[in-house]
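Asks: Sharing a structure, written as structure tokens. Questions coming.
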């Protein structure tokens with residue numbers, strides 16, 4: 001009878017040893033792969049959200065610059081168009097206002113007759129491309 005007790009006790013002991021030894025290399029590689037895939041998926045979502053937020057921030061800043069220029073023109077009707085630096089220096093824009101867009105380029109301001117517009121080169125940092133930000137928005141032939 002003693003042999004039967006040892007045989008079942010040996011199996012239980014082997015099962016305890018197998019459970020206590022930790023992860024195998026294959027299990028560890030699978031866990032690391034899953035973590036990598038999840039990280040990549042989250043990163044892609046964050047980058048898309050960041051791009052969208054940067055575009056929104058640039059549009060908002062251009063709207064603010066345009067409004068400040070309209071107010072400046074009302075006070076200085078015979079003057080040429082103000083620059084963004086000038087608006088900030090004269091405190092028409094808040095002192096903490098950034099003169100650069102989220103991609104590091106300076107905002108451009110233009111006054112043509114009765115129209116005041118603000119532009120940013122956009123995410124590609126190149127002027128004259130389709131991702132440029134214009135306030136007010138410019139109608140393009142492709143958009144019609």
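Readers should treat all values here as calculations from the given coordinates under stated rules, not as data from a laboratory. Quantities reported herein were computed from a predicted structural model and do not represent experimental measurements. Cβ: placed from backbone, ideal geometry, glycine included. Neighbour counts: every protein chain shown.
Asks: Which residues, counting only those in the stretch 111-129, are assigned to a loop (DSSP other than H, G, I, E, B) and in contact with a strand residue (DSSP E or B) (Cβ under 6 Å, 6 or more places away or on another chain)?
Replies: 122 - this is the single residue of the stretch 111-129 that is assigned to a loop (DSSP other than H, G, I, E, B) and in contact with a strand residue (DSSP E or B) (Cβ under 6 Å, 6 or more places away or on another chain).
Asks: Run down 88, 108, 48, 59 and say which single residue is free of Cβ contacts under 8 Å to residues at least 60 places away in the same chain, under 18 Å from residue 136 (Cα atoms) and either in contact with a strand residue (DSSP E or B) (Cβ under 8 Å, 6 or more places away or on another chain) or surrounded by 10 or more Cβ atoms within 10 Å (Cβ to Cβ) (or both).
Replies: That would be 108, the only listed residue that is free of Cβ contacts under 8 Å to residues at least 60 places away in the same chain, under 18 Å from residue 136 (Cα atoms) and either in contact with a strand residue (DSSP E or B) (Cβ under 8 Å, 6 or more places away or on another chain) or surrounded by 10 or more Cβ atoms within 10 Å (Cβ to Cβ) (or both).
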